[in-house]
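The block underneath contains the structure these notes are about, expressed in structure tokens.
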């Protein structure tokens, strides 16, 4: 399976570093020993056999963030009072601190995306959205450029991908759900230009038929990633770091994937 393009690839993959951060909560980027603050957490337990603890921490100075998932399952223990513990984590290795619209424009854009997810609101910040989308791609580790807005041929951002070459991104800033017609037009553009991978990004949502059409296109060799307004908002916040990240935002684009502990332990 091809790994997603709309995904935070600039993760810290060092298990020793992540283990140290989990234990002492010290930011690895700040020289003054800045302590990471918990920005969001979710604790769940049935009180008997299974417990799960998800925690997001963030540096108030540089924005570096860390997420961990710690599970304890006593139903898998070999003897009573023993449990199988799994601890996974990841952290954001700062890459670009992408420049972008000023805070005023970002506030307007965020408000419009939130309204579009509910099916209403204006679409005045479409140009800012294209620039923000380019910034998100750069933070994900790619080179990206916005096309000339008067002659984009339906393509708003072109991503330079090491494996796939030019990857097209079409960005729809609209309160209306994006349907099959838009996806088909994007696939047609891909076929004309000889590309195999693209992304369809919207500030709203997709109609039900889009996923089915996406699967049919994949069978013919045209891979289109779908990014709705919820994932877009999550990525925007992680890229421009205006607010401490939440669990849902991190899980949308950067799940904890480095195994730090996998062992049977005493309860």
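What follows draws every value from the coordinates through simple rules; no lab data is involved. Values in this document were obtained by computation on a predicted structure and should not be read as measured data. Counting neighbours? That spans all protein chains shown, and the Cβs are built from the backbone with ideal geometry, glycine included.
Spherically averaged projected area of the convex hull of Cα atoms, the stretch 1-64: 6.9 nm². Here the relative contact order of the chain, from alpha carbon pairs under 8 Å that lie six or more residues apart, stands at 22 percent. For the stretch 175-190, backbone nitrogen atoms closer than 19 Å to the point 7 Å from residue 124 Cα along Cα-to-C-beta are found at 175-176.
Computed FRET efficiency, Cβ-Cβ of residue 13 and residue 181, R0 41 Å: what is it to the nearest 0.05?
0.50
The alpha carbons of the chain stretch over 64, 44, 37 Å along the principal axes, in descending order.
If you count, for each residue, the other Cβ atoms within 10 Å and average over each peptide, how do 50-57, 134-141 line up from highest to lowest? Intermediate results must be reported in sequence, preceding the final value.
Details: 50-57: 18.6, 134-141: 23.0.
Highest to lowest by the protection proxy: 134-141, 50-57.
A Förster radius of 25 Å, combined with the Cβ-Cβ distance separating residue 267 from residue 43, puts the computed FRET efficiency at roughly 0.95. Highest mean packing first, where packing is the average number of other Cβ atoms within 10 Å per residue, the peptides 253-266, 225-238 line up as 225-238, 253-266.
Given Cα pairs under 8 Å that are at least 6 residues apart, what percent is the relative contact order of the stretch 103-240?
Details: 230 pairs, mean separation 32.3, N = 138.
Computed value for the stretch 103-240: 23 percent relative contact order.
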